[in-house]
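All remarks here apply to the structure that follows.
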Amino acid sequence: MTIRSERYTRFSPLDPYNANVWVNENPFINAHPVLLSRPQLDDVQTLLPDPFWAGHTDAIACYWKVWELAFQHIGQPTPENGFVAPFIDTAFWYPGIFMWDSTFMMMFTRYGRRAFPFQGTLDNFYAKQHPDGFISRQINHQTGADAFFRFDPVSTGPNILGWSEWEYYRDTGDTERLARVFPALVAYHQWLRRYHTWPDGGYWTTGWGCGMDNQPRVPFTSEADLWMEHAHQVWADACLQQIFAARLLGQMAAALGRSADIPDMAAEIESLTEYVNCWLWDETSAFYYDADRERRRLTTKSIGAYWALLARTLSDAQVRRFTAHLNDPATFNRPHRVPSLSADHPNYDPQGGYWMGGVWDPTNYMVLRGLTEVGQHGLAHEIGLNHVSNVTQVFKATGTVWENYAPDAAPRPGTPAKDDFVGWGGVGPVAGLLEYVFGLRADAPNNTLTWDVRLTDAHGVRRYPFGRTGWIDLRCERRDHTDERPQITATSTVPLTLRVQWGDHVDTYDLQS
């Protein structure tokens, strides 16, 4: 496949491009747009998972509120925007799609894939990829224009599109989609390596580029500086996300039989892991920090450091010390877990202050998935249950879900925070509920569903989607204590293995259709 000449009409003829060969394989460029009518929740509710949790009707009501809002925010391709698929927007002021927001929205909308193809939201980013691999972090859904010139310091990031695609693959086993998105993801990763690194190999970004707009990570005081300046620093989250993204590309390549095509990823994992552990890891405090232009470690403890769990850059002993901060009330164990900035920072805001301490669904989900990656399932359940419970209490008081939440006050929205934020406000009430309160994790490529049962209340879900076509009904009866073997009822429309974990035990069941 080659890039057709009309593809270049979107760009100024003065734009110089060092073209990336992987872009030639991107099938979304100039793809024919898909048009689908926007359903209402009532039209498709029987195609969505139906959870139940005895004694927790508010959590279930919050779950359904999320889906109601989600179906109100579906947009369409038009000749003006040049999109190729229907999309869910961010529920924010900007008329467009955001890379950071959209990736996290896919973490919960993948459970609604039988009702609507939400994953196609990301197709519109791939369709707008530039010949050198660049993808803008914001694209206007009215005009189709990038929000930033590609060499603006705030133009792109974070590099987490591949994470969403891998989670979707794990849920569906859809190798065809994985093969389609793989070239665009490789080209984008290589663009960042070429244009967002310093000569020593460290990656940089900005407040807007990393998604945590006003976090105090640069030595300036104006809000514009916090958003837009890279300060010639090495940014810990940018480095760790690149390692994680490279690992995912390696796993995708293995699944597709293309490992020999990306030897640069394994080399970068090795070199960048050594780099972050030399320059950004502080053994005394057991934390990753940004580094200034002299490569002196800074002191801000950001939730962004926890991308390290997904990147797998630490030894088991280091992981235990690193995650201990999540249990420390002086840093991240606040009444509503987990604040985006540690509580011992002088700029920490107990009311939230946006990224000065606000609790956010996306970064909480990142922490939870990281804890799963390193086997700390108990802590993940504890944090996930705390977050869903706090979000539910705010929902009960206000009737909706919010952009972020206050870490220290009685359960309430953050200051500031937008309401009806679905958007990524759906991650906790849907993915958090199913994965970290109930404990369900699909592995469709290996035809296995794991159920990590930690609740003692009766709970379960009807119409849990598994793989490309399967539906599972799951129920766990009430227990007197967590050491009691769960009484499970499970039926499936497709054969699969159900692994039920409880305490130190694992029970395995072969479900037949």
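Each reported figure results from applying straightforward, stated rules to the coordinates on display, with no laboratory input. These numbers come from a predicted model, not from an experiment. Cβ coordinates were reconstructed from backbone atoms using ideal geometry, including for glycine residues, and neighbour counts include every protein chain displayed.
Could you tell me the distance between the Cα centroids of the range 121-175 and the range 255-290, to the nearest Å? Taking the Cα centre of each part, the range 121-175 and the range 255-290 sit 22 Å apart. For the range 171-178, 3J(HN,Hα) computed residue by residue from phi via the Karplus equation (6.51, -1.76, 1.60; θ = phi - 60°) reads 7, 10, x, 7, 5, 4, 5, 4 Hz, glycine and proline entered as x.
What lysines could a cross-link reach from Lys65, if we take a straight Cα to Cα line under 16 Å and drop same-chain neighbours fewer than 8 places away? Within the straight-line cut-off, Lys65 pairs with Lys396, Lys418. Neighbours of Asp264 by Cβ distance under 14 Å: Lys/Arg scored +1, Asp/Glu scored -1, total +1.
Across the range 123-137, computed HN-Hα scalar couplings (Karplus, 6.51 cos²θ - 1.76 cosθ + 1.60, θ = phi - 60°) run 4, 6, 5, 5, 5, 9, 5, 7, x, 8, x, 4, 10, 5, 7 Hz from first to last residue, x flagging Gly and Pro. Taking a point 7 Å from the Cα of Thr284 along the Cα-to-Cβ direction, the residues of the range 310-345 with backbone N closer than 17 Å to it are 322.
Simple rule: put +1 on each Lys or Arg Cβ and -1 on each Asp or Glu Cβ in the chain, find the dipole, and look at Phe134, Gly378, Ala311; the Cα lying farthest toward the positive end is Phe134.
Ranked by the mean number of other Cβ atoms within 10 Å of their residues, highest first, the peptides 160-170, 34-44 fall in the order 160-170, 34-44. Applying 1/(1 + (r/R0)^6) with r as the Cβ-Cβ distance of Ser222 and Arg295 and R0 = 30 angstrom yields a FRET efficiency of 0.75. Treating r as the C-beta distance of Ala317 and Glu274 and R0 as 25 Å, the FRET efficiency rounds to 0.90.
Extending 7 Å from Cα along the Cβ direction at Glu373 and again at Ala147 yields two label points whose distance is 2.5 nm. Positive contributions from Lys and Arg (+1) and negative ones from Asp and Glu (-1), summed over other residues with Cβ under 11 Å from the Cβ of Gly211, come out at -2. Amide hydrogen proximity for Asn159: with H placed 1.01 Å from N in the peptide plane, no residue at 5 or more positions away or on another chain lies under 5 Å. Sorted on the mean count of surrounding Cβ atoms within 10 Å across their residues, most packed first, peptides 330-341, 284-295 read 330-341, 284-295. Count the net charge of all other residues whose Cβ sits under 12 Å from the Cβ of His505, scoring Lys and Arg as +1 and Asp and Glu as -1. Here the charged neighbours net out to -3.
Distance from the alpha carbon centroid of the range 209-225 to that of the range 492-513 works out to 47 angstrom. Taking the DSSP beta bridges with both ends in the chain, the antiparallel portion is around 85 percent.
Given a Förster radius of 25 Å and the C-beta distance between Asp344 and Trp198 as r, what FRET efficiency does 1/(1 + (r/R0)^6) yield to the nearest 0.05? Display every interim value, and only then the final one.
Numbers: r = 29 Å, r/R0 = 1.15.
The calculated FRET efficiency here is 0.30.
With a 10 Å radius around each residue's Cβ, average the other Cβ atoms per peptide and rank 66-79, 229-242, highest first.
Descending packing order for the listed peptides: 229-242, 66-79.
Beta-bridge orientation, the range 438-513: approximately 80 percent antiparallel, per DSSP, counting only bridges with both partners inside.
How large is the Kirkwood hydrodynamic radius of the range 142-238, counting all unique pairs of alpha carbons, in Å?
15.0
Mean separation of Cα pairs under 8 Å and 6 or more residues apart, divided by the residue count, gives the range 352-482 a relative contact order of 21 percent.
Taking a point 7 Å out from the Cα of Ala231 in the direction of its Cβ, the residues of the range 201-219 whose backbone N falls within less than 18 Å of it are 202-219.
What dipole magnitude, in Debye to the nearest 20, does the range 187-344 give about its Cα centre under +1 on Lys/Arg Cβ and -1 on Asp/Glu Cβ? All intermediate terms of the calculation are to be shown ahead of the outcome.
Working: 15 positive and 19 negative charges, 70 e Å.
It works out to roughly 340 debye.
Placing unit charges on the Cβ atoms only, positive for Lys and Arg and negative for Asp and Glu, gives the chain a dipole magnitude near 540 debye about its Cα centre.
Charge dipole (Cα centre; +1 on Lys/Arg Cβ, -1 on Asp/Glu Cβ; no other charges) of the range 438-513 amounts to roughly 360 debye. Calculated mean residue ellipticity at 222 nm for the chain: -10000 deg cm²/dmol, from DSSP H runs with n ≥ 4 weighted as -39500 (n - 2.57), summed, divided by the residue count and rounded to 500.
Among Asn277, Thr172, Trp198, which residue has its Cα positioned farthest towards the positive end of the charge dipole of the chain, with +1 placed on the Cβ of Lys and Arg, -1 on the Cβ of Asp and Glu, and the dipole taken about the Cα centre? Toward the positive end, the furthest listed residue is Thr172. With the simple model of a label 7 Å out from the Cα in the direction of the Cβ, Ala458 to Thr57 spans 1.5 nm.
Using Cα pairs under 8 angstrom and six or more residues apart, how large is the relative contact order of the chain, in percent? Don't skip to the answer; put the middle values down first.
Working: 1045 pairs, mean separation 71.9, N = 513.
About 14 percent, as a whole number.
Would you please state which residues of the range 262-298 a label at Ala254 would reach in this model, taking the label point 7 Å out along Cα→Cβ and a backbone N cut-off of under 13 Å? Residues 266 fall inside that zone.
With q set to 0.11, 0.18, 0.22 Å⁻¹, the log10 of I(q)/I(0) for the range 438-513, from the Debye formula over equal scatterers at the Cα positions, is -0.25, -0.65, -0.95.
Looking at the range 406-513, which GluC sites (Glu not before Pro) are in a loop (DSSP not H, G, I, E or B) and have at most 15 other Cβ atoms within 10 Å? Mind dumping the intermediate values first?
Working: sites: Glu435, Glu477, Glu484; in loops: Glu477, Glu484.
Filter output for the range 406-513: Glu477, Glu484.
Candidates Leu449, Pro465, Ile488 compared by Cα position along the dipole of the range 438-513: farthest toward the positive end lies Pro465, with charges placed on Cβ.
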